[in-house]
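A short worksheet on the structure shown next.
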Amino acid sequence: MLKFRKIPAETIRRMPRYLRAFSLLGQEGQAYISSQALAGQLHLKPPQIRKDLSYFGDFGTRGVGYPVSDTARRIREILKLDVAQKAVLIGAGRLGTAIASYPGFAMFGFDIAAIYDNSPAKIGKKLAGLTIQDIQTLSGIAEQRIRLAILAVPSESAQACATLLVDAGIRGILNLSPSWLKVPKRVKVVSIDLAMELGTLLFYL
């Protein structure tokens with residue numbers, strides 16, 4: 001049970017960073033790490049790390065640090081990553097192809113289970129070991145109880161694809177198209193527009 005009901009969105013966004021750090025430390029054979037050392041790796045402040053983790057209970061021991069393996073396990077449970085999570089990829093263009101081949105999903109337990117596109121030239125072909133399927137058959141994922149989707153399609157196709165995903169029972173969409181999606185409140189959307197992110201970055205240069 002969570003220590004506090006209201007958890008800041010920024011804290012939730014940092015939790016995967018902590019998981020990645022603890023997972024890599026575990027792979028290196030490190031048993032413990034202090035908040036000071038962890039903060040140095042993540043370019044954060046130690047009090048911020050301690051506060052973030054405190055929302056989810058007691059972590060670590062004063063003077064000893066955080067047990068790497070146990071902390072990674074607990075964060076996985078918090079993020080619901082203690083079991084493999086399947087996702088569908090919508091879009092088999094250049095961006096979709098790069099995503100399908102991205103090895104970083106494995107660390108978090110994500111598995112791209114199916115790929116869909118609307119191009120007759122791509123449907124039926126193989127991508128990352130999967131056969132690209134017709135987007136119009138997307139409703140079939142409801143039987144697999146897949147809840148996550150990655151949307152990597154042009155802006156003009158994004159809303160129509162999002163509607164199909166919602167109808168198929170998808171509850172979370174990672175939207176990589178430069179378009180804002182209209183979905184029911186029960187569906188969570190996280191949008192990443194690479195051009196906008198570059199524009200934000202440029203402001204600080």
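Here are some notes:
- Cross-link pairs exceeding 26 Å in C-alpha to C-alpha distance, out of LYS125/LYS185; LYS86/LYS125; LYS86/LYS126; LYS86/LYS122, comprise LYS125/LYS185.
- When both the stretch 18-45 and the stretch 163-205 are represented by their alpha-carbon centers, they are found 29 Å apart.
- Dividing the Cα radius of gyration of the stretch 57-164 by its Kirkwood radius returns 1.13 for Rg/Rh.
- DSSP bridge pairs, the chain: antiparallel proportion in percent, nearest 5: 20 percent
- For the stretch 1-117, the Cα-based Rg and Dmax, in that order, read 16.2, 54 Å.
- D (Stokes-Einstein, µm²/s), Kirkwood Cα radius, the chain, 1.567 mPa s at 4 °C: 68 µm²/s
- Packing, as the average of other Cβ atoms within 10 Å across residues, places the peptides 184-196, 82-94 in the order 82-94, 184-196, highest first.
- Relative contact order for the chain, counting Cα pairs under 8 Å that sit 6 or more residues apart, in percent: 14 percent
- The stretch 9-78 shape via C-alpha gyration tensor axes, a/c threshold 1.5: rounded
- Inter-label distance, nm, simple model (7 Å from Cα along the C-beta direction), ASP111/LEU79: 1.8 nm
- Applying a length cut-off of 24 Å (Cα extent along the axis) and a mean Kyte-Doolittle floor of -0.5 to the DSSP H helices of the chain leaves 9-27.
- In units of the compact-protein estimate 2.2 N^0.38 Å, the stretch 153-205 shows a Cα radius of gyration of 1.30.
- Linear extension gain, THR61 paired with PHE203, 0.36 nm per residue minus alpha-carbon span: 47.1 nm
- Set of aspartates and glutamates with alpha-carbon distance to LYS51 below 20 Å, sequence-local pairs under 8 removed: GLU10, ASP70, GLU77
- Modelled spin-label separation between GLU28 and TYR102, with each label point placed 7 Å from Cα along the Cα-to-Cβ direction: 2.4 nm.
Throughout, read-outs are computed from the coordinates displayed, never taken from laboratory work. Values in this document were obtained by computation on a predicted structure and should not be read as measured data. Using ideal geometry, Cβ is built from the backbone for each residue, glycine included, and neighbour counts are taken over all protein chains shown.
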